[in-house]
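Heads up, the thing below is written out as structure tokens.
Quick note: the coordinates plus some simple rules give every number you see, no bench work behind them. Fair warning: this is a prediction, and the values are worked out from it, not measured in the lab. Note: ideal-geometry Cβ built from the backbone for every residue, glycine included; neighbour counts use all protein chains shown.
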Amino acid sequence: MITASVQPRQIPATWQQELADAITRPQELAEALGLPLEALGAVAETAFPLRVPRSFVARMRPGDPRDPLLRQVLPLAEELLEPPGYGADPLQERAAQRAPALLQKYRGRALLIATESCAVHCRYCFRREFPYAAQRSEGGRWREALEVIAADPSLEEIILSGGDPLSLSNARLSALTSALTRIPHVRRIRVHTRQPVVLPSRVDAGLLEWLRSLSVPVVVVLHVNHPNEIDAALRAACANIRAAGATLLNQTVLLAGVNDDATVLARLSQQLFEAGVLPYYLHAVDHVRGAAHFLVPDERARALAGALASRLPGYLVPRLVRELPGAESKTVLTPASAAP
Ligand SMILES: *Cc1c(COP(=O)(O)O)cnc(C)c1O
Ligand code: SF4
């Protein structure tokens, strides 16, 4: 028998394999970027350790310790500072809890913490100290939350959040949304996720099938902070999510040293739009312990929002918002007209 000599075919990794292969050691991250570890600055050991998928690292600029994607994931010694006014639960989320894993702050919509795990650990994350373990209810973690939702006809929209809800398997997601869509007053499902951004392979055939199977409209809110995060794989994932019938929006966190620049933010809006995603919110960083070095002062944030509004069509300008405990909605910070 004659066999052609062929190269073994490159078998695409599943997202689970890619997740398991994520970088968790600063030394390895430094090597991947062609930098000595010392060039990264003072790297800290924290209870919220480094975690970043390799496909996201591939979008960082080699040899640049100030890379905006690197800064989002690298645990620096600054995190260990504890300035006054920063706490573990800046949004007082514990007060918004209606059932284990179910938070309601605003009328008509409630947020379900579908899982605590994420593909990436974002250093500025406001849920980094959330007591997830205490959110597990006995006898199935969502049972009580589903009962509360079913008993409250005012809850028209359920937001799957976390952690990252797409850390759940397609089968688990499907089981959860089947239970939700059996509740007649649930009219919309929203998914807040960073997974398609940091791990585009997560948008696999099963996920798209799940999106297509949902009997109510779905909104997928991505979390992209910098135009360098948008590559061909993310654009393809977005096209597939849209083809599966979901509306795609984006929220960005305004981060000093990452995206606190009108040109960068304008490019982000334009490139999101070209990928079929509309900008939704630009969030002021929450006062969570460990994130003070990312804070952009309000005046500067408002000036950046004003500069964006002066450069872009209205539908490409995200609303600059902050979350204030006890407020009835996110609080909009009005754009300032002076150019920054
Ligand atoms: C941010 C948030 C929402 C969503 O608010 P929208 O303005 O509808 O995007 C809903 N519930 C909770 C608990 C939230 O923190
Ligand atoms: S993906 Fe979202 S929830 Fe997870 S660490 Fe990042 S910001 Fe936090």
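Points worth noting:
- The charge dipole of the chain, taken about its Cα centre with unit charges on the Cβ atoms of Lys, Arg (+1), Asp and Glu (-1) only, comes to about 900 debye.
- For region 93-338, relative contact order (Cα pairs under 8 Å, six or more residues apart, normalised by length) works out to 16 percent.
- DSSP loop GluC sites (Glu not before Pro) with at most 11 other Cβ within 10 Å excluded, longest remaining stretch of the chain: 139-327
- Qualifying trypsin sites (Lys or Arg not before Pro) in region 8-74, DSSP loop, other Cβ atoms within 10 Å at most 11: Arg9, Arg66
- Shape of region 15-80, Cα gyration tensor, a/c cut at 1.5: oblate
- Amide hydrogen proximity for Leu76: with H placed 1.01 Å from N in the peptide plane, the residues at 5 or more positions away or on another chain lying under 5 Å are Ala44.
- Anisotropy class of the chain from Cα gyration tensor, a/c 1.5 cut: rounded
- Per-residue HN-Hα couplings for region 275-284 [Karplus 6.51, -1.76, 1.60; θ = phi - 60°; Hz; x = Gly/Pro]: 8, x, 10, 9, x, 10, 10, 10, 8, 5
- Projecting the Cα atoms of Ala262, Ser310, Ser154 onto the charge dipole of the chain (Cβ charges, centred on the Cα centre) puts Ser154 farthest toward the positive pole.
- Within the listed set Pro153, Pro165, Pro26, the residue fluctuating most in the Gaussian network model of the chain (springs between alpha-carbon atoms under 10 angstrom) is Pro153.
- Backbone phi angles across region 145-152, fed through the Karplus curve with coefficients 6.51, -1.76 and 1.60 (θ = phi - 60°), yield HN-Hα couplings of 4, 5, 5, 5, 5, 4, 8, 10 Hz in residue order; Gly and Pro are listed as x.
- Region 176-190 and region 249-268 have Cα centres separated by 33 Å.
- Choice from Leu50, Leu168, Leu254 with maximal GNM fluctuation in the chain (Cα, 10 Å cutoff): Leu168
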